[in-house]
Each structure stands twice: as structure tokens, then as C-alpha cells.
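Structure, as C-alpha cells:
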Amino acid sequence: MQTAGATERPQDSPSHLDYPDWTIPEILHQASAHFPSHAALRFFGRSMDYRHLQREVDAFARGLLALGLKAGDRVALVLPNAPQFVIAYFGTLQAGGVVVATNPLYTPREFETQFEDAKPTFVVALDLVAERVRGAIGEARLVVTRIREYLPRSLALLQRIAQPGPKMPDGTLSFREILRRGETGDLPAPGSPDELAVLQYTGGTTGTPKAAMLSHRNLVANAMQCQAWLPDYHPGDERVLAVLPFFHVFGMTVAMNLGVLCGGEIDLVPRFSPGQMAKEVRRFQPSFFPGAPALYESVVMDPHAERWNMRSIRYCISGSAPLALTLQERFERLTGGVLVEGYGLTEAAPVTHCNPLRGQRKIGSVGRPFPDTEQRIVDPDDPTRDMPLGEEGELAVRGPQVMLGYYGRPKETQSVLKDGWLLTGDIGVIDEDGFCRIVDRKKDLIIVSGFNVYPREVEEVLLQYPGVREAAVVGVPDERRGQAVRAVLVPDPGTEIDLPKLQAFCREQLAGYKTPRQFELRTELPRSVIGKVLRRELVPQAKEES
């Protein structure tokens, strides 16, 4: 069996941690108890300290309970990185509910698909997406909030004048009303760390969207593992730049949960804007900046970056796409901080590997396993058989961050969880120092800027367009996004397809990152002897032409 040796740990990173029996709300309780007057959240210049944050979280929890929330009820959060997400996340968990993290960029069809599976009791949404959400929530109660509710007064007034915002849909509750209902009252006793905390939707290793069940223990453990990976971190003094969206498990764990666990200040960036990233770093002066290669590239490409002081950055962990050596070197030279590549997946809450932030690191690898995390390389066709050291196979991991299973899908759970080992679906190889390199994806999952794209879903939309007889979707390399979506189409005989109109049609049915950026027309698709489309024969040609 190939496992990371305990004697080969990075400097200052232990091989084992002692995990307390905490639920996620306890990490906020600890921060508010030790650092009550320290800034917890920063949003467009307005700060909220930990004492105030805890008060609003408790009020939100009591408000949900007053409205009938029961233990285990799901609360969907359709919110960007804003104070409302943090309050609703910790408040839902404080009340004994389960968070359903939902992408605000979804179309009505995508909302409906997710909510039909999760069956939330409450849906908390930004006013700008409330109408898109409304028709998909079924019997759930809709809670609506506006960005300006937590902006500085001057900005809130300007936004109210310039953008009054849509009218609240009839029958909805306001976020402020939930807080008012919870001003007084009792809070329930903490639940078990092994109870379900979050339903995080993913394509998993089979390409079909499903919800990974992440327990409080999974999430607390992964936040603690991340914290242990940071050498000489300073409790109460760290400043985390939160550009990664919290509705994605990478941002949820490595920016929000870790930030709170450290008692740090979290700078909330609701939307990534390439032209603003360097300015945000300059203004906020973060010490920790987790992200994806596209975020770091936007910083080094800023024309004014060389003139600005960005030396506050000490550590950055990159995920979701391969990190190029040239980008790593340019970013480190510009900021003076350390930028390393890591690895994870939703089913592991999500981080399992990372290059050391101090000491030996290997470019092109995703590093070594986190504390208490084991790794194996197994035969892709027989996961009971370990591959020899240095040979390729499917990466399997085991640790306290590995999910409980897939919600309502026992067969899919059994296919990826084997005696506590999670089959990642990624092909990798482990070297003699315990560093892992991911060499390929076992399945057809496409990852665009850290978001999962499932080819079948895109193909189903393409096939709805008049004149499209067949469609196959593959991922192709993209320097900024990691991958881009490419659609290979077979038109009906004698039909001409207007590709710009087809792309516009896709944008109406799919989130922007799922919409194909490249199209190719063919007379036929390559198929096996049993008629299955051979995607692998489309990808090499797509790479050559991209």
C-alpha cells in the first residue's frame, strides 16, 4: 500500500491532529469568545467584529426556529460572498439545520433540479435572483435579502438611489425579519459532530450531479488540517482574502471556515473581477489568499501591480486547476509570498493534498497528504489491488474529511467508498517522497474555473436546439480557466446551424461557465462497436485545435 510516511512531513506540519468534538458553530463560538472585538468580516470597507457576528448568527438561528425549522431541515443559500451568507450558514447550523450550498448563477431549470433533490424548507436568496429561484422552490419559504443591507451607509444610499432593486416577490420573508424574530429566545443544545451539516452538489466520480453529505466533523477536521498546514499563523491577526465563492466547498472551507477558526478577518469579495483583484489585495493587505490560477494571474497581469505594495501576502494555496511554474514564480516575485498547489474534491470537504508552504515542494505535483490523510494508487479496474510505487492508477484517499456518502444514492456511495477509502476518479502517481501528481481524469468531468461541468447536462441542452441531431461535449485546456467547454455537433442533413444563436440559447439554459466556448461541426461522431460515443477520440483533436 502506498501511503505518505509520517517521517516525511513538511516543517511545522504535524502528521496527526487531536480533533475536538465540535460542530461547525463551535468554531465561531471559540473565535467570538477569544477575539470578540476583532474584525470578523469586511465588506466594501465596512467591518463586523466577532461579537456582532455571533449575535446576528444566534438571531438568525432563533428566527428560523420560530418559523418552524426542525433539526435536519434543509436551508438552501443562494448567495454570493456577503455577510448574509456567513450569518445564514452558521445560523442554520446553529439551529440544527442542514445547509444546501447553491450557485446564484444557476438558471431556473438548474435551481429546480437541485431543489427537487434537496427539498429545502427555506431558501435564502439575493433579491437579484429571487425571481429565478421562486418558481423552483416548491413549498419552501423564500427569504430575500439585498446586498446593501450590509454595505457602509454611504454606499448603501448610493446603491439604493442608483439601483433600487427588484420588488420583493409576494409572500416572501426578508432577511431582516428573520433576525427580528430571533432577537430573544433559547438556542438548542449542540448536536453531534457526526450529524449532517452540508449538502454539497457535485458530479462526483460518475458525472451525474448529486449531493455529497458532509458532516460537522468532516468540515471541522478539514479546516483544522488547513490551519495545521500554515506555518507560524497568528490567531486573531490573519487576514483572509475571500474571492473563492462560499457556495463552492473550496471557498467554504479554505476561506470562510478556516478564516473563522483562525479568528481572522475575512474580506468578502462577492464577484471576481480581473481588473479589481490587484486593487483588492492592495487595499485589504491580506496575509492568506486561497484561490485558483486565474485569480493569481489577474494580479500579476495588472499594469500597476509592480508599483503597489502587496508584500502582506504570506501564503497562498491554489486549487481547481494546474498551477503553471511561470505564474507561480511571477506571483511570488511580485508579492514575496509563497504560492503552492493543492488538491481536493467535494467528497473530501475538499482538501486532501498540498505542497508544503515551507520546505520541499515539487512543481507539477499536488503535494503530499494532509495530516491524518492516507493515499493509495489502485488499479482503476480493481480498486482492491495497489499499484507499484511510481506507477499510474486511480488515487484513493482516507481521512477524517471524507464524506458520509451521497444523499439518497446508496449505490453511488458504495461505488466510491470502499472500507473508508474514497476513490477520487483521478489518475495519479506517487513518488518516493510521497508527493502525488495527477495525470488524468478517470471520467469525463470538466472543471471550469473550479466549477464542475457535466457533459451530459450540456449535451441535453444542445439537443433541444432545432437542427442539432447529435452532440458531444469535452473539456479542452484553457490558460485562464483550467478548462473550457467544447461542443462537437452533428447537424440534421441539409441544416445550417447559426452558432452564435446556439450559444445564446445555451446561455439561457445554463450557467455561463457551462456554456460552450468552442463549437465544431461534424458529419458523425466516433463510436464504439456498441454505439457509445468515444469522447477520448474527440479530446486530442480538440486540444490540437484549441
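The values are calculated or read from the model by the stated rules, or taken from the named source; none is laboratory data. Quick caveat: nothing in here was measured; it's all calculated off a predicted structure. We place every Cβ from the backbone using ideal geometry, glycine too, and count neighbours over all the protein chains shown.
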Handout entry: Single match in VAL75, VAL57, VAL86 (criterion: in contact with a Gly (Cβ under 9 Å, 6 or more places away or on another chain), under 21 Å from GLY236 (Cβ atoms) and among the aliphatic types (A, V, I, L, M))
Key = VAL57
Handout entry: The one condition in (1) surrounded by fewer than 22 Cβ atoms within 10 Å (Cβ to Cβ); (2) assigned to a strand (DSSP E or B) that THR113 fails to fulfil
Key = (2)
Exercise for the section: From (1) within 25 Å of PHE370 (Cα to Cα); (2) more than 15 Å from the chain's Cα centre (by Cα); (3) buried (at least 20 other Cβ atoms within 10 Å of the Cβ), pick out the condition that doesn't hold for ALA255. Expected result: (2)
Exercise for the section: Say whether the condition of being polar (S, T, N, Q) and either over 30 Å from GLY367 (Cα atoms) or surrounded by fewer than 16 Cβ atoms within 10 Å (Cβ to Cβ) (or both) is met by at least one residue in region 33-45. Expected result: yes
Handout entry: The listed residue being surrounded by 17 or more Cβ atoms within 10 Å (Cβ to Cβ) and within 27 Å of the chain's Cα centre (by Cα), out of ALA484, ALA504
Key = ALA484
Handout entry: Residue within region 79-86 that is under 22 Å from GLY251 (Cβ atoms), in contact with a Pro (Cβ under 6 Å, 6 or more places away or on another chain), of a type in the set (S, T, N, Q) and buried (at least 24 other Cβ atoms within 10 Å of the Cβ) present
Key = yes
Completion exercise
In region 384-406, residues that are over 20 Å from ASN222 (Cα atoms) and either touching a Ser or Thr at 6+ places or on another chain (Cβ under 9 Å) or surrounded by fewer than 21 Cβ atoms within 10 Å (Cβ to Cβ) (or both) total 10
Problem - Residues of region 507-537 classified as crowded, with 17+ Cβ neighbours inside 10 Å, under 12 Å from GLY475 (Cα atoms) and at pLDDT below 85, total - result: 1
Practice task
Starting from region 68-93, take each residue that is under 24 Å from GLU116 (Cα atoms) and modelled with pLDDT of 95 or more and list its partners that are part of a loop (DSSP other than H, G, I, E, B) and among the aromatic types (Phe, Trp, Tyr), counting only C-beta distances under 6 angstrom and pairs at least six apart or across chains.
Solution key: PHE85/PHE246
Practice task
Among the candidates ALA61, ALA118, single out the residue that is within 17 Å of TYR201 (Cβ to Cβ) and either surrounded by 23 or more Cβ atoms within 10 Å (Cβ to Cβ) or not hydroxyl-bearing (Ser, Thr, Tyr) (or both).
Solution key: ALA118
Practice task
Answer yes or no as to whether VAL490 is outside the structural domain of ASN222 (by TED's automatic domain parsing), aliphatic (A, V, I, L, M) and either under 18 Å from ALA321 (Cβ atoms) or touching a helix residue (DSSP H, G or I) at 6+ places or on another chain (Cβ under 8 Å) (or both).
Solution key: no
Handout entry: Residue match in region 289-298 (condition: in a strand (DSSP E or B) and surrounded by 21 or more Cβ atoms within 10 Å (Cβ to Cβ))
Key = yes
Exercise for the section: Output the residue which, of all residues in region 299-328 that are without any contact (Cβ under 8 Å) to a residue 40 or more places away in the chain, under 22 Å from VAL366 (Cβ atoms) and polar (S, T, N, Q), is surrounded by the most Cβ atoms within 10 Å (Cβ to Cβ). Expected result: SER318
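So that you can scan it fast, the table gives a plain yes or no per residue for (1) without any contact (Cβ under 8 Å) to a residue 12 or more places away in the chain; (2) assigned to a loop (DSSP other than H, G, I, E, B); (3) under 24 Å from the mean Cα position of the chain (by Cα); (4) within 23 Å of ASP381 (Cβ to Cβ):
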position: GLY428; (1), (2), (3), (4): no, no, yes, yes
position: ILE447; (1), (2), (3), (4): no, no, yes, no
position: GLU460; (1), (2), (3), (4): yes, no, no, no
position: VAL476; (1), (2), (3), (4): no, no, yes, no
position: VAL488; (1), (2), (3), (4): no, no, no, no
Completion exercise
Of the listed residues (LEU241, LEU219), the one being assigned to a strand (DSSP E or B), closer than 30 Å to ASP426 by Cβ and touching a strand residue (DSSP E or B) at 6+ places or on another chain (Cβ under 7 Å) is LEU241
Practice task
May I ask you to list the residues in region 461-498 that are charged (D, E, K, R) and modelled with pLDDT under 90?
Solution key: ARG469, GLU470, ASP478, GLU479, ARG480, ARG481, ASP492
Practice task
Working carefully through the options GLN414, GLN401, find the one that is over 17 Å from ARG437 (Cβ atoms), of a type in the set (S, T, N, Q) and free of Cβ contacts under 8 Å to residues at least 24 places away in the same chain.
Solution key: GLN414
Completion exercise
Filter region 329-345 for residues that are in contact with a helix residue (DSSP H, G or I) (Cβ under 6 Å, 6 or more places away or on another chain) and among the aliphatic types (A, V, I, L, M); the one that is surrounded by the fewest Cβ atoms within 10 Å (Cβ to Cβ) is LEU334
